[in-house]
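First comes the structure, then the notes that go with it.
The values are calculated or read from the model by the stated rules, or taken from the named source; none is laboratory data. Just so it is clear, the structure is predicted and the values come from calculations on it, not from any experiment. With ideal geometry, Cβ positions are generated from the backbone for all residues, glycine too; neighbour counts draw on all protein chains shown. Note: areas computed on protein heavy atoms with side chains; ligands, DNA, RNA excluded. Shrake-Rupley method; radii C 1.70, N 1.55, O 1.52, S 1.80 Å.
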Amino acid sequence: MTFSFDNTYARQPDRFYARVAPTKVKEPRLVKINRALAELLSLDARALASPEGAQLLSGNTLPPGADPIALAYAGHQFGGFSRQLGDGRAILLGEIVGTDGKRRDIQLKGSGRTPFSRGGDGRAALGPVLREYLVSEAMAALGIPTTRALAVVTTGEPVLRDEGPLPGAVLTRVAEGHLRVGTFEYFAARDDSEALSTLATYALARHYPEVAGTGNDALALLEGVIAAQARLVALWLGVGFVHGVMNTDNTSISGETIDYGPCAFLDEYDPKKKFSSIDRGGRYAFANQPGIAQWNLTRLAEALLPLLHDDEEEATRLATKRLEGFPALFEAAHGRVMRAKLGLTHEEDDDKALAEDLLERLASNGVDYTLFFRALCAAGASTDADAQVAASFANAGAFHEWAERWRARLAREELEPQARAAAMRRANPAFIPRNHRVEEMIHAAVQKSDFAPFDRLLAVLVRPYDDQPEHAELARPPLPEERVRATFCGT
Ligand code: AMP
Ligand code: MG
(Lines give C-alpha, C1' and ligand atoms only; values in the text may rest on other atoms or scores of the structure.)
(Ligands and ions follow the chains in the order given, each with its own letter.)
Protein backbone atom coordinates (compact mmCIF):
# COMPACT_ATOMS: atom_id res chain seq x y z
CA MET A 1 0.00 0.00 0.00
CA THR A 2 1.59 3.29 -1.01
CA PHE A 3 1.12 6.57 0.81
CA SER A 4 2.92 9.43 -0.92
CA PHE A 5 3.86 11.19 2.28
CA ASP A 6 5.70 14.51 2.27
CA ASN A 7 5.90 15.53 5.92
CA THR A 8 6.66 19.24 6.11
CA TYR A 9 5.58 19.78 9.73
CA ALA A 10 7.77 16.95 11.02
CA ARG A 11 10.71 18.87 9.49
CA GLN A 12 9.96 21.95 11.62
CA PRO A 13 11.84 22.48 14.91
CA ASP A 14 11.63 19.69 17.49
CA ARG A 15 9.75 21.79 20.00
CA PHE A 16 6.73 22.00 17.65
CA TYR A 17 5.74 18.41 18.45
CA ALA A 18 6.61 15.17 20.19
CA ARG A 19 7.68 12.17 18.14
CA VAL A 20 5.43 9.36 19.27
CA ALA A 21 4.06 6.23 17.68
CA PRO A 22 0.46 5.08 18.03
CA THR A 23 -0.20 2.51 20.77
CA LYS A 24 -1.23 -0.87 19.39
CA VAL A 25 -4.79 -2.10 19.85
CA LYS A 26 -6.12 -5.60 20.29
CA GLU A 27 -8.39 -6.29 17.35
CA PRO A 28 -8.82 -3.59 14.71
CA ARG A 29 -11.91 -3.90 12.54
CA LEU A 30 -12.93 -1.57 9.79
CA VAL A 31 -16.29 0.13 10.19
CA LYS A 32 -16.11 2.62 7.36
CA ILE A 33 -13.82 3.81 4.63
CA ASN A 34 -14.44 7.01 2.68
CA ARG A 35 -13.77 5.94 -0.91
CA ALA A 36 -14.11 9.37 -2.52
CA LEU A 37 -11.69 10.90 -0.03
CA ALA A 38 -9.26 7.99 -0.43
CA GLU A 39 -9.27 8.63 -4.15
CA LEU A 40 -8.57 12.33 -3.63
CA LEU A 41 -5.52 11.30 -1.58
CA SER A 42 -4.42 8.70 -4.17
CA LEU A 43 -4.95 5.95 -1.61
CA ASP A 44 -6.19 2.50 -2.51
CA ALA A 45 -9.57 2.23 -0.75
CA ARG A 46 -9.82 -1.51 -1.44
CA ALA A 47 -6.47 -2.15 0.22
CA LEU A 48 -7.41 0.08 3.16
CA ALA A 49 -10.57 -1.98 3.62
CA SER A 50 -8.55 -5.21 3.93
CA PRO A 51 -7.35 -6.63 7.29
CA GLU A 52 -3.90 -5.07 6.63
CA GLY A 53 -5.65 -1.77 6.00
CA ALA A 54 -7.39 -2.02 9.36
CA GLN A 55 -3.97 -2.58 10.98
CA LEU A 56 -2.76 0.67 9.42
CA LEU A 57 -5.89 2.65 10.26
CA SER A 58 -5.71 1.55 13.90
CA GLY A 59 -2.05 2.53 14.21
CA ASN A 60 -0.94 -1.08 14.72
CA THR A 61 1.35 -0.79 11.72
CA LEU A 62 2.79 2.34 10.17
CA PRO A 63 2.62 2.98 6.45
CA PRO A 64 5.99 3.56 4.78
CA GLY A 65 6.98 7.22 4.92
CA ALA A 66 4.89 8.02 7.99
CA ASP A 67 6.61 10.21 10.59
CA PRO A 68 4.23 10.07 13.55
CA ILE A 69 4.09 13.16 15.74
CA ALA A 70 1.75 14.73 18.32
CA LEU A 71 1.47 18.50 17.88
CA ALA A 72 2.11 20.95 20.70
CA TYR A 73 -0.49 23.64 21.33
CA ALA A 74 -2.03 25.67 24.11
CA GLY A 75 -5.44 27.30 24.21
CA HIS A 76 -8.14 29.35 25.85
CA GLN A 77 -10.92 27.02 26.97
CA PHE A 78 -14.16 28.77 27.98
CA GLY A 79 -12.13 31.93 28.42
CA GLY A 80 -9.37 30.49 30.64
CA PHE A 81 -5.85 29.91 29.35
CA SER A 82 -4.07 26.54 29.43
CA ARG A 83 -0.37 26.82 28.61
CA GLN A 84 -0.16 23.22 27.53
CA LEU A 85 -2.77 21.15 25.73
CA GLY A 86 -1.50 19.48 22.55
CA ASP A 87 -2.54 16.31 20.76
CA GLY A 88 -3.39 14.15 23.74
CA ARG A 89 -5.01 11.43 21.72
CA ALA A 90 -4.18 12.22 18.13
CA ILE A 91 -1.12 11.42 16.09
CA LEU A 92 -0.25 12.98 12.77
CA LEU A 93 1.04 10.27 10.44
CA GLY A 94 2.07 12.66 7.71
CA GLU A 95 0.93 14.84 4.84
CA ILE A 96 -0.24 13.92 1.36
CA VAL A 97 -0.75 16.21 -1.59
CA GLY A 98 -4.07 15.21 -3.15
CA THR A 99 -5.04 14.89 -6.78
CA ASP A 100 -6.47 18.43 -6.45
CA GLY A 101 -2.99 19.74 -5.56
CA LYS A 102 -3.95 20.45 -1.94
CA ARG A 103 -1.76 19.27 0.92
CA ARG A 104 -3.59 17.46 3.71
CA ASP A 105 -2.72 16.01 7.12
CA ILE A 106 -3.53 12.37 7.79
CA GLN A 107 -4.13 11.98 11.49
CA LEU A 108 -5.22 9.11 13.71
CA LYS A 109 -7.53 10.23 16.52
CA GLY A 110 -7.90 7.90 19.50
CA SER A 111 -4.55 6.26 18.81
CA GLY A 112 -3.15 6.19 22.34
CA ARG A 113 -1.38 8.35 24.87
CA THR A 114 1.16 11.01 23.93
CA PRO A 115 3.32 13.35 26.03
CA PHE A 116 0.34 15.77 25.84
CA SER A 117 -2.26 13.38 27.25
CA ARG A 118 -2.18 14.75 30.81
CA GLY A 119 -4.76 12.63 32.69
CA GLY A 120 -6.43 11.25 29.54
CA ASP A 121 -6.27 7.73 28.16
CA GLY A 122 -5.44 8.81 24.61
CA ARG A 123 -8.43 6.88 23.34
CA ALA A 124 -11.74 7.65 21.67
CA ALA A 125 -15.09 5.97 22.12
CA LEU A 126 -17.01 4.70 19.11
CA GLY A 127 -19.99 7.05 19.57
CA PRO A 128 -18.09 10.36 19.29
CA VAL A 129 -15.99 8.93 16.45
CA LEU A 130 -19.10 8.08 14.44
CA ARG A 131 -20.55 11.51 15.23
CA GLU A 132 -17.41 13.21 13.93
CA TYR A 133 -17.33 11.07 10.80
CA LEU A 134 -20.98 11.71 10.01
CA VAL A 135 -21.16 15.40 10.84
CA SER A 136 -17.84 16.36 9.25
CA GLU A 137 -18.77 14.58 6.02
CA ALA A 138 -22.20 16.22 6.11
CA MET A 139 -20.54 19.62 6.54
CA ALA A 140 -18.23 18.94 3.59
CA ALA A 141 -21.24 18.03 1.44
CA LEU A 142 -22.95 21.23 2.55
CA GLY A 143 -19.97 23.12 1.14
CA ILE A 144 -18.54 24.21 4.49
CA PRO A 145 -14.78 24.07 5.09
CA THR A 146 -14.11 21.23 7.50
CA THR A 147 -11.77 18.49 8.54
CA ARG A 148 -12.78 15.26 6.81
CA ALA A 149 -13.09 11.64 7.85
CA LEU A 150 -11.23 8.94 5.94
CA ALA A 151 -12.01 5.90 8.07
CA VAL A 152 -13.31 4.44 11.31
CA VAL A 153 -11.98 1.27 12.89
CA THR A 154 -13.05 -0.28 16.17
CA THR A 155 -10.19 -1.36 18.42
CA GLY A 156 -11.66 -4.41 20.14
CA GLU A 157 -10.82 -2.71 23.44
CA PRO A 158 -13.17 -0.93 25.82
CA VAL A 159 -12.59 2.67 26.87
CA LEU A 160 -13.79 3.77 30.27
CA ARG A 161 -16.03 6.83 30.32
CA ASP A 162 -18.55 8.27 32.81
CA GLU A 163 -21.26 6.04 31.32
CA GLY A 164 -19.08 2.96 31.89
CA PRO A 165 -17.02 0.88 29.45
CA LEU A 166 -17.65 1.74 25.80
CA PRO A 167 -16.30 0.29 22.57
CA GLY A 168 -13.09 2.02 21.51
CA ALA A 169 -12.47 3.34 18.00
CA VAL A 170 -9.94 5.26 15.94
CA LEU A 171 -10.91 7.93 13.45
CA THR A 172 -8.61 8.80 10.56
CA ARG A 173 -9.02 12.56 10.27
CA VAL A 174 -7.92 14.50 7.22
CA ALA A 175 -7.40 18.26 7.34
CA GLU A 176 -5.81 20.95 5.23
CA GLY A 177 -4.02 21.67 8.48
CA HIS A 178 -4.13 21.07 12.20
CA LEU A 179 -2.60 24.39 13.26
CA ARG A 180 -4.83 26.28 15.64
CA VAL A 181 -4.89 29.68 17.28
CA GLY A 182 -3.66 27.71 20.30
CA THR A 183 -0.52 26.62 18.41
CA PHE A 184 0.55 30.28 18.28
CA GLU A 185 -0.48 30.84 21.89
CA TYR A 186 1.76 27.94 22.92
CA PHE A 187 4.91 29.71 21.72
CA ALA A 188 3.74 33.19 22.74
CA ALA A 189 3.26 31.91 26.30
CA ARG A 190 6.89 30.77 26.24
CA ASP A 191 8.17 34.06 24.78
CA ASP A 192 9.63 31.99 21.94
CA SER A 193 9.54 34.56 19.16
CA GLU A 194 11.86 32.53 16.96
CA ALA A 195 9.37 29.62 16.96
CA LEU A 196 6.50 32.07 16.43
CA SER A 197 8.18 33.53 13.41
CA THR A 198 8.97 30.12 11.91
CA LEU A 199 5.41 28.99 12.57
CA ALA A 200 3.86 32.12 11.03
CA THR A 201 5.96 31.74 7.89
CA TYR A 202 5.08 28.05 7.69
CA ALA A 203 1.35 28.64 8.20
CA LEU A 204 1.23 31.45 5.66
CA ALA A 205 3.04 29.46 2.99
CA ARG A 206 0.81 26.47 3.59
CA HIS A 207 -2.61 28.09 3.95
CA TYR A 208 -2.37 31.52 2.34
CA PRO A 209 0.39 31.04 -0.26
CA GLU A 210 -0.94 33.82 -2.49
CA VAL A 211 0.16 36.46 0.05
CA ALA A 212 3.29 34.73 1.39
CA GLY A 213 6.46 36.75 1.19
CA THR A 214 4.69 39.88 -0.05
CA GLY A 215 5.48 41.93 3.06
CA ASN A 216 4.68 41.39 6.71
CA ASP A 217 4.06 37.62 6.96
CA ALA A 218 2.50 37.72 10.43
CA LEU A 219 0.13 40.51 9.45
CA ALA A 220 -0.83 38.72 6.23
CA LEU A 221 -1.49 35.59 8.25
CA LEU A 222 -3.68 37.47 10.72
CA GLU A 223 -5.65 38.97 7.85
CA GLY A 224 -6.03 35.60 6.15
CA VAL A 225 -7.27 33.83 9.27
CA ILE A 226 -9.67 36.67 10.13
CA ALA A 227 -11.23 36.48 6.66
CA ALA A 228 -11.39 32.67 6.69
CA GLN A 229 -13.02 32.54 10.13
CA ALA A 230 -15.53 35.28 9.22
CA ARG A 231 -16.61 33.27 6.21
CA LEU A 232 -16.64 29.98 8.13
CA VAL A 233 -18.88 31.21 10.93
CA ALA A 234 -21.24 32.83 8.40
CA LEU A 235 -21.57 29.45 6.69
CA TRP A 236 -22.24 27.77 10.07
CA LEU A 237 -25.06 30.21 10.75
CA GLY A 238 -26.51 29.51 7.32
CA VAL A 239 -27.13 25.85 8.17
CA GLY A 240 -27.93 26.29 11.87
CA PHE A 241 -24.69 24.75 13.14
CA VAL A 242 -23.71 25.20 16.78
CA HIS A 243 -20.06 24.21 17.22
CA GLY A 244 -20.37 23.95 20.98
CA VAL A 245 -16.72 24.24 22.01
CA MET A 246 -15.20 27.21 20.22
CA ASN A 247 -12.05 27.27 22.30
CA THR A 248 -8.93 28.74 20.71
CA ASP A 249 -7.41 25.26 20.45
CA ASN A 250 -10.41 24.37 18.26
CA THR A 251 -10.08 27.46 16.04
CA SER A 252 -8.22 26.45 12.94
CA ILE A 253 -5.65 28.55 11.11
CA SER A 254 -6.77 27.04 7.80
CA GLY A 255 -10.37 28.14 8.44
CA GLU A 256 -11.76 24.61 8.62
CA THR A 257 -14.39 23.48 11.10
CA ILE A 258 -12.52 21.32 13.61
CA ASP A 259 -13.51 19.30 16.68
CA TYR A 260 -16.97 17.82 16.51
CA GLY A 261 -17.28 17.03 20.24
CA PRO A 262 -20.59 18.51 21.38
CA CYS A 263 -21.73 20.13 18.13
CA ALA A 264 -25.39 20.09 17.09
CA PHE A 265 -27.77 21.65 14.57
CA LEU A 266 -30.76 23.84 15.32
CA ASP A 267 -34.16 22.33 14.81
CA GLU A 268 -36.43 25.31 15.55
CA TYR A 269 -34.68 28.62 15.05
CA ASP A 270 -33.45 29.95 18.38
CA PRO A 271 -30.46 32.33 18.40
CA LYS A 272 -29.79 31.57 22.09
CA LYS A 273 -29.65 27.84 21.56
CA LYS A 274 -26.79 25.86 23.13
CA PHE A 275 -26.59 22.11 23.42
CA SER A 276 -23.30 21.30 25.08
CA SER A 277 -23.70 20.08 28.66
CA ILE A 278 -20.40 21.73 29.66
CA ASP A 279 -21.34 25.15 28.19
CA ARG A 280 -23.32 26.20 31.26
CA GLY A 281 -23.39 29.93 30.58
CA GLY A 282 -24.20 29.56 26.88
CA ARG A 283 -20.87 31.16 25.93
CA TYR A 284 -20.93 29.25 22.64
CA ALA A 285 -24.65 29.60 21.88
CA PHE A 286 -25.72 29.86 18.22
CA ALA A 287 -25.77 33.63 17.80
CA ASN A 288 -22.70 34.19 19.98
CA GLN A 289 -20.47 32.41 17.49
CA PRO A 290 -19.35 35.43 15.42
CA GLY A 291 -18.44 37.36 18.57
CA ILE A 292 -16.55 34.38 19.95
CA ALA A 293 -14.67 33.95 16.68
CA GLN A 294 -13.56 37.58 16.97
CA TRP A 295 -12.51 36.98 20.58
CA ASN A 296 -10.47 33.95 19.50
CA LEU A 297 -8.88 35.94 16.67
CA THR A 298 -7.93 38.59 19.21
CA ARG A 299 -5.98 35.88 21.06
CA LEU A 300 -4.22 35.06 17.77
CA ALA A 301 -3.38 38.73 17.25
CA GLU A 302 -1.96 38.97 20.76
CA ALA A 303 0.23 35.94 20.15
CA LEU A 304 1.49 37.41 16.87
CA LEU A 305 2.08 40.89 18.34
CA PRO A 306 5.88 40.66 18.65
CA LEU A 307 6.07 39.75 14.94
CA LEU A 308 3.79 42.51 13.70
CA HIS A 309 6.12 45.40 14.46
CA ASP A 310 9.19 46.16 16.59
CA ASP A 311 7.30 49.00 18.20
CA GLU A 312 4.67 47.53 20.50
CA GLU A 313 2.25 50.42 20.08
CA GLU A 314 2.44 50.21 16.32
CA ALA A 315 2.01 46.41 16.48
CA THR A 316 -1.13 46.87 18.59
CA ARG A 317 -2.46 49.48 16.18
CA LEU A 318 -1.94 47.17 13.19
CA ALA A 319 -3.62 44.24 14.95
CA THR A 320 -6.53 46.30 16.26
CA LYS A 321 -7.30 47.66 12.83
CA ARG A 322 -7.53 44.13 11.37
CA LEU A 323 -9.61 42.83 14.27
CA GLU A 324 -11.99 45.77 13.96
CA GLY A 325 -12.54 44.70 10.37
CA PHE A 326 -13.96 41.33 11.48
CA PRO A 327 -17.61 42.39 11.98
CA ALA A 328 -17.80 43.88 8.48
CA LEU A 329 -16.24 40.76 6.95
CA PHE A 330 -18.64 38.57 8.87
CA GLU A 331 -21.64 40.73 7.90
CA ALA A 332 -20.65 40.63 4.24
CA ALA A 333 -20.25 36.84 4.30
CA HIS A 334 -23.47 36.35 6.26
CA GLY A 335 -25.26 38.68 3.86
CA ARG A 336 -24.15 36.51 0.93
CA VAL A 337 -25.33 33.39 2.75
CA MET A 338 -28.75 34.87 3.60
CA ARG A 339 -29.31 36.34 0.14
CA ALA A 340 -28.65 32.94 -1.42
CA LYS A 341 -31.11 31.37 1.03
CA LEU A 342 -33.72 33.96 0.09
CA GLY A 343 -33.19 33.65 -3.66
CA LEU A 344 -31.66 37.11 -4.05
CA THR A 345 -28.93 37.38 -6.65
CA HIS A 346 -27.97 41.03 -6.27
CA GLU A 347 -27.48 43.09 -3.13
CA GLU A 348 -29.73 45.87 -1.86
CA ASP A 349 -29.47 48.00 1.27
CA ASP A 350 -32.59 46.59 2.91
CA ASP A 351 -31.70 42.92 2.42
CA LYS A 352 -30.17 42.66 5.86
CA ALA A 353 -33.31 44.03 7.50
CA LEU A 354 -35.46 41.67 5.44
CA ALA A 355 -33.43 38.68 6.61
CA GLU A 356 -33.39 39.87 10.24
CA ASP A 357 -37.12 40.41 10.24
CA LEU A 358 -37.57 36.86 8.99
CA LEU A 359 -35.24 35.36 11.61
CA GLU A 360 -37.12 37.16 14.37
CA ARG A 361 -40.38 35.75 13.07
CA LEU A 362 -38.91 32.24 12.89
CA ALA A 363 -37.72 32.56 16.49
CA SER A 364 -40.98 33.89 17.90
CA ASN A 365 -43.03 31.30 16.01
CA GLY A 366 -40.87 28.28 16.89
CA VAL A 367 -40.28 27.45 13.22
CA ASP A 368 -37.86 24.74 12.13
CA TYR A 369 -34.92 26.50 10.46
CA THR A 370 -34.01 23.91 7.83
CA LEU A 371 -37.56 22.87 6.90
CA PHE A 372 -38.64 26.48 6.58
CA PHE A 373 -35.95 27.46 4.09
CA ARG A 374 -36.37 24.27 2.08
CA ALA A 375 -40.12 24.90 1.85
CA LEU A 376 -39.44 28.54 0.96
CA CYS A 377 -37.70 27.35 -2.24
CA ALA A 378 -41.09 26.36 -3.69
CA ALA A 379 -42.52 29.72 -2.62
CA GLY A 380 -39.68 31.27 -4.61
CA ALA A 381 -41.40 29.93 -7.72
CA SER A 382 -45.05 30.40 -6.83
CA THR A 383 -47.35 31.87 -4.17
CA ASP A 384 -49.19 28.54 -4.28
CA ALA A 385 -46.62 27.23 -1.82
CA ASP A 386 -47.23 30.00 0.74
CA ALA A 387 -50.03 28.34 2.66
CA GLN A 388 -47.88 25.31 3.39
CA VAL A 389 -44.91 27.41 4.49
CA ALA A 390 -47.13 29.55 6.72
CA ALA A 391 -48.58 26.44 8.38
CA SER A 392 -45.30 25.89 10.27
CA PHE A 393 -45.69 29.27 12.04
CA ALA A 394 -47.56 29.48 15.33
CA ASN A 395 -49.19 32.53 13.76
CA ALA A 396 -49.48 32.06 9.98
CA GLY A 397 -49.96 35.80 9.50
CA ALA A 398 -46.37 36.32 10.67
CA PHE A 399 -45.19 34.57 7.52
CA HIS A 400 -47.66 36.22 5.14
CA GLU A 401 -46.70 39.72 6.31
CA TRP A 402 -43.05 39.00 5.76
CA ALA A 403 -43.70 37.25 2.42
CA GLU A 404 -45.28 40.43 1.11
CA ARG A 405 -42.03 42.32 1.75
CA TRP A 406 -40.02 39.46 0.28
CA ARG A 407 -42.09 39.35 -2.92
CA ALA A 408 -41.74 43.11 -3.38
CA ARG A 409 -38.00 42.55 -3.23
CA LEU A 410 -38.11 39.53 -5.58
CA ALA A 411 -39.89 41.70 -8.12
CA ARG A 412 -36.57 43.52 -8.60
CA GLU A 413 -34.75 40.24 -9.36
CA GLU A 414 -33.96 39.01 -12.86
CA LEU A 415 -34.21 35.23 -12.36
CA GLU A 416 -37.23 33.37 -13.69
CA PRO A 417 -39.27 31.84 -10.85
CA GLN A 418 -38.33 28.23 -11.64
CA ALA A 419 -34.64 29.09 -11.91
CA ARG A 420 -34.89 30.97 -8.61
CA ALA A 421 -36.46 27.97 -6.88
CA ALA A 422 -33.70 25.74 -8.25
CA ALA A 423 -30.97 28.14 -7.05
CA MET A 424 -32.62 28.30 -3.63
CA ARG A 425 -32.61 24.50 -3.42
CA ARG A 426 -28.85 24.63 -3.89
CA ALA A 427 -28.55 27.05 -0.94
CA ASN A 428 -31.08 25.46 1.43
CA PRO A 429 -30.41 21.83 2.33
CA ALA A 430 -33.21 19.33 2.69
CA PHE A 431 -31.09 17.22 5.06
CA ILE A 432 -28.90 18.17 8.00
CA PRO A 433 -27.59 15.84 10.71
CA ARG A 434 -30.57 16.16 13.03
CA ASN A 435 -29.47 15.59 16.61
CA HIS A 436 -32.06 12.92 17.35
CA ARG A 437 -31.01 10.97 14.26
CA VAL A 438 -27.35 11.24 15.21
CA GLU A 439 -28.12 9.96 18.72
CA GLU A 440 -30.25 7.15 17.33
CA MET A 441 -27.45 6.16 14.96
CA ILE A 442 -24.89 6.15 17.81
CA HIS A 443 -27.19 4.13 20.03
CA ALA A 444 -27.67 1.45 17.37
CA ALA A 445 -23.93 1.19 16.69
CA VAL A 446 -22.77 1.21 20.30
CA GLN A 447 -25.54 -0.82 21.95
CA LYS A 448 -26.35 -3.27 19.15
CA SER A 449 -23.32 -3.17 16.82
CA ASP A 450 -25.84 -2.17 14.17
CA PHE A 451 -24.19 0.17 11.68
CA ALA A 452 -27.10 0.27 9.22
CA PRO A 453 -28.46 3.59 10.60
CA PHE A 454 -24.97 5.12 10.29
CA ASP A 455 -24.62 3.95 6.68
CA ARG A 456 -28.10 5.14 5.75
CA LEU A 457 -27.81 8.53 7.42
CA LEU A 458 -24.40 9.12 5.88
CA ALA A 459 -25.59 8.17 2.39
CA VAL A 460 -28.42 10.70 2.68
CA LEU A 461 -26.30 13.48 4.22
CA VAL A 462 -23.66 13.44 1.51
CA ARG A 463 -26.42 14.63 -0.88
CA PRO A 464 -28.00 17.28 1.35
CA TYR A 465 -29.41 19.43 -1.45
CA ASP A 466 -31.23 16.57 -3.20
CA ASP A 467 -34.81 15.74 -2.34
CA GLN A 468 -34.72 12.11 -1.35
CA PRO A 469 -38.41 11.41 -0.76
CA GLU A 470 -37.76 7.81 0.24
CA HIS A 471 -35.79 9.23 3.22
CA ALA A 472 -38.26 11.96 4.14
CA GLU A 473 -38.34 10.93 7.80
CA LEU A 474 -34.66 11.84 8.11
CA ALA A 475 -35.57 15.41 7.16
CA ARG A 476 -38.28 15.91 9.72
CA PRO A 477 -37.69 17.58 13.07
CA PRO A 478 -37.85 15.53 16.27
CA LEU A 479 -41.13 14.66 17.92
CA PRO A 480 -41.30 16.00 21.49
CA GLU A 481 -40.16 12.63 22.88
CA GLU A 482 -37.26 12.44 20.38
CA ARG A 483 -35.73 15.80 21.24
CA VAL A 484 -32.08 15.86 22.26
CA ARG A 485 -31.68 18.37 25.07
CA ALA A 486 -27.95 18.22 25.64
CA THR A 487 -24.85 16.92 23.91
CA PHE A 488 -21.74 15.62 25.59
CA CYS A 489 -18.12 15.79 24.55
CA GLY A 490 -17.82 12.10 25.40
CA THR A 491 -14.03 12.31 25.23
P1 AMP B 1 -10.98 18.93 23.15
O2 AMP B 1 -11.89 19.32 24.24
O3 AMP B 1 -11.41 17.65 22.47
O4 AMP B 1 -10.70 20.02 22.19
O5 AMP B 1 -9.62 18.53 23.83
C6 AMP B 1 -8.91 19.38 24.66
C7 AMP B 1 -7.60 18.75 25.04
O8 AMP B 1 -7.81 17.53 25.74
C9 AMP B 1 -6.69 18.41 23.88
O10 AMP B 1 -5.38 18.65 24.30
C11 AMP B 1 -6.95 16.94 23.68
O12 AMP B 1 -5.87 16.28 23.05
C13 AMP B 1 -7.10 16.47 25.11
N14 AMP B 1 -7.88 15.23 25.22
C15 AMP B 1 -9.20 15.09 25.00
N16 AMP B 1 -9.58 13.81 25.20
C17 AMP B 1 -8.48 13.12 25.56
C18 AMP B 1 -8.21 11.75 25.91
N19 AMP B 1 -9.16 10.81 25.93
N20 AMP B 1 -6.93 11.42 26.21
C21 AMP B 1 -5.96 12.34 26.20
N22 AMP B 1 -6.14 13.64 25.90
C23 AMP B 1 -7.38 14.03 25.58
MG1 MG C 1 -9.89 19.97 20.32
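At 1.4 Å probe size, with the rest of the protein present, what percent of the exposed accessible area of the range 97-243 is carbon and sulfur atoms? Mind showing how you got there, number by number?
Working: 2240 of 4420 Å².
On the range 97-243, the fraction of accessible area on carbon and sulfur atoms equals 51 percent.
If amide H atoms are built 1.01 Å from N in the plane of the peptide, which residues on other chains or at least 5 residues away come under 5 Å of the amide H of A66?
Amide H neighbours of A66: none.
Looking at the range 253-339, which trypsin sites (Lys or Arg not before Pro) are in a loop (DSSP not H, G, I, E or B) and have at most 15 other Cβ atoms within 10 Å? It would help to have the intermediate numbers written out before the result.
Numbers: sites: K272, K273, K274, R280, R283, R299, R317, K321, R322, R336, R339; in loops: K272, K273, K274, R280, R283.
The qualifying sites are K272, R280.
For the pair L479 and A422, how long in nm is the line joining their label points, each one 7 Å along Cα→Cβ?
The two pseudo-label positions are separated by 3.8 nm.
Mind giving me the FRET efficiency for A385 and K26? R0 is 60 Å, r the Cβ-Cβ distance, nearest 0.05 is fine. Provide the component values of the computation, followed by the final result.
Working: r = 56 Å, r/R0 = 0.93.
Step by step, r from the Cβ atoms, then E = 0.60.
Say each of A396 and V211 gets a label point 7 Å from the Cα, pointing the same way as Cα to Cβ; how far apart are those two points in nm?
5.1 nm
Can you list which of the trypsin sites (Lys or Arg not before Pro) found in the range 43-112 are DSSP loop residues with at most 16 other C-beta atoms within 10 Å? Kindly include the intermediate steps, with their values, before the conclusion.
Working: sites: R46, R83, R89, K102, R103, R104, K109; in loops: R83, R89, K102.
Filter output for the range 43-112: R83, K102.
If r is the Cβ-Cβ distance from L415 to R317 and R0 is 41 Å, what FRET efficiency results, to the nearest 0.05? Write out the running numbers ahead of the final one.
Numbers: r = 45 Å, r/R0 = 1.09.
Efficiency computed from Cβ-Cβ geometry: 0.35.
Mind jotting down the distance between the C-alpha centroids of the range 273-307 and the range 208-267, whole Å?
When both Cα centres are located, 11 Å separates them.
Compute the distance from the alpha-carbon center of the range 370-390 to that of the range 445-491, in whole Å.
Value for the Cα centre distance between the two parts: 24 Å.
So which trypsin sites (Lys or Arg not before Pro) in the range 410-491 are both in a DSSP loop and have at most 14 other Cβ atoms within 10 Å of their Cβ? Please report the intermediate quantities before stating the final value.
Working: sites: R412, R420, R425, R426, R434, R437, K448, R456, R483, R485; in loops: R412, R426, R434, R483, R485.
Those satisfying the criteria are R412, R426, R483, R485.
Would you mind working out the accessible area per residue for the chain, using a 1.4 Å probe, and quoting it in Å²? Numbers along the way, then the final one.
On the way: 19780 Å² over 491 residues.
I get 40 Å² per residue for this part.
At a 1.4 Å probe, what is the % contribution of carbon and sulfur to the accessible area of the range 357-439? Walk me through the numbers before you get to the answer.
Details: 1760 of 3490 Å².
The nonpolar share, carbon plus sulfur, comes to 50 percent.
Tally up the carbon and sulfur contribution to the accessible surface of the range 246-297 as a whole percent, 1.4 Å probe, everything protein left in place. Before the final figure, lay out each step's value.
Working: 680 of 1450 Å².
Carbon and sulfur together cover 47 percent of it.
Students often get this wrong, so check it: of K24/K102; K32/K352; K272/K321; K32/K272, which have C-alpha atoms separated by over 32 Å? Intermediate values should be presented prior to the final figure.
Values: K24/K102 30 Å; K32/K352 42 Å; K272/K321 29 Å; K32/K272 35 Å.
Pairs exceeding the cut-off: K32/K352; K32/K272.
Which sequence of E356, E176 reflects their accessible areas, 1.4 Å probe, from the largest down?
E356, E176
Helix hunt in the chain: which complete DSSP H runs extend at least 27 Å axially by C-alpha with mean Kyte-Doolittle at least 0.0?
On the way: long enough: 217-239 (33 Å, 1.48); 289-308 (28 Å, 0.45).
Membrane-span-like by this criterion, though nothing is claimed about a membrane: 217-239, 289-308.
According to a simple spin-label model (label point 7 Å from Cα along Cα-to-Cβ), what is the distance in nm between A36 and S277?
Simple spin-label model gives 3.3 nm for this pair.
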